[in-house]
1. If you fit an axis through the alpha-carbon atoms of helix A:66-76 and take the longest principal axis of the Cα set of chain A, what angle between them do you get, 0 to 90°, nearest 10?
2. Relative contact order for chain A using alpha-carbon pairs under 8 Å, separation at least 6, rounded to a whole percent?
3. B:Phe103: net charge of surrounding residues, Cβ under 12 Å, Lys/Arg +1, Asp/Glu -1, itself excluded?
4. Amide H to amide H, which residues 5 or more places from A:Tyr190 or on other chains are under 5 Å from it, using H placed in the peptide plane?
5. For B:Leu34, go 7 angstrom from Cα along the Cα-to-Cβ vector, then report the distances to that same point in the other copies in nm, smallest first.
6. May I ask for the distance between the Cα centers of region A:3-54 and region A:85-137, given as a whole number of Å?
7. Taking the Cα atoms only, what angle lies between the long axis of helix A:154-166 and the longest principal axis of chain A, rounded to 10 degrees?
8. GNM, chain A, Cα, under 10 Å: largest mean-square fluctuation among A:Thr31, A:Thr166, A:Thr62?
Number of protein chains: 2
Amino acid sequence: MASSIPDIVISRLPIYLRALERLAQEGYEVTSSLELGRRLGISSAQIRKDLSHFGGFGKQGTGYRISFLVDQLRQVLKVENEWKVALVGAGDLGSAIARYKGFEDRGFHIACIFDSAPEKIGKQIDKYLIHAVDDIPSVIGAHAIKIAMVAVPAQAAQFVTDALVTAGVKAILNYAPINLKVPSDVHVQYIDPVIHLQRMTFYLNYTP
Amino acid sequence: MASSIPDIVISRLPIYLRALERLAQEGYEVTSSLELGRRLGISSAQIRKDLSHFGGFGKQGTGYRISFLVDQLRQVLKVENEWKVALVGAGDLGSAIARYKGFEDRGFHIACIFDSAPEKIGKQIDKYLIHAVDDIPSVIGAHAIKIAMVAVPAQAAQFVTDALVTAGVKAILNYAPINLKVPSDVHVQYIDPVIHLQRMTFYLNYTP
């Protein structure tokens, strides 16, 4: 099943999961494609089609049982697993990421932090020890880490990425404002605030 | 035209724009829905359908002229305008955002920073003066700011959002890991690294 789901559908599943988990927190037990669509700005037809890839999730007229759908999506997205994540960059952004409260209860654990500044190496951010970038191969290898977040200046991002890929990382979340070149079996996602700002300016009236 | 474009299509336009700008930087003058699709993990049929909302962009067989398409998308998304943005939060994350190099050349300018910590108020991050959160109404009003980024701890995010909305902000980019409640004429986008991580773990083999 999984291999036949289009990438564009996969990319929406985490958004459905987050919306459903929020509905559950708000005390709802059942929802509809209409309600989900209203919250997410996605058409209800699109949502029904996306969720139909998993078969038997909802019934026309009765809606989706939230707890069941959450379980299914968590399984599909392998969120039940505990993933170790490497963080490269211990500046303002790296520090903010290391202290971010949203990872742990959603299956992601920062396992190590790397930086190139000699004065930072051996120090800690929160509970995490900062390693030298030169130690990426040995530390990533020892922990068998597959996922990394890159929070370094743009000019260092490709160098760091190459080291991570060589060490066996298969998924990179890149905060640096540049396009990374990686082999075809490595996944890259970008955190780009401008993309989100542009999605909103479309709707705004401009007054200089 | 603009009002008839579905939200889900609008949400993809900034991603097309970024991909096209990168292709232009790499020296390409023409591209195809196939090439764009390969780079973005979106089907070429979807891309052709999305771009057809703007009429006459591409011709079957000859592809899209990149410079023309970039101009059109920048106009549609109002990126040609210079938008002033307020930033709330001058901690690690706020500092990283204030120093982020990706805003200025893409039409967004941080106009003011707010924080609640007395020891930070009156100081600067980069070239930006830090104002008190209590001054949100007067400063936002004076600059006629419509867009804000929220980079405060989760427990402060709703309070800050209410102040921004009262002051006239219509678009909020929220970095805090909570769902914001806003009136229906205010747009909210979320920066959520976990969403991006989950989009990649789907494709990874898990070995504990």
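Read the figures in this text as sums done on the coordinates, not as results from a lab. Because the structure is a prediction, the values reported are computed rather than measured. Glycine also receives a Cβ, built like all others from the backbone with ideal geometry; neighbour counts cover every protein chain displayed.
1. Tilt of helix A:66-76: around 40 degrees.
2. Working: 278 pairs, mean separation 28.0, N = 208.
Relative contact order here is 13 percent.
3. Details: positive: B:Lys84, B:Arg99, B:Lys101, B:Arg106; negative: A:Asp192, B:Glu82, B:Glu104, B:Asp105, B:Asp126.
In short, -1.
4. Those lying under 5 Å, H to H, from A:Tyr190 are A:Asn174.
5. Once sorted, the set of distances for B:Leu34 reads 4.3 nm.
6. Spelled out, the Cα-based centre of one part sits 32 Å from the other.
7. Long axis of A:154-166 versus the principal axis of chain A: about 90 degrees.
8. Per the Cα network of chain A with a 10 Å cutoff, A:Thr62 tops the list.
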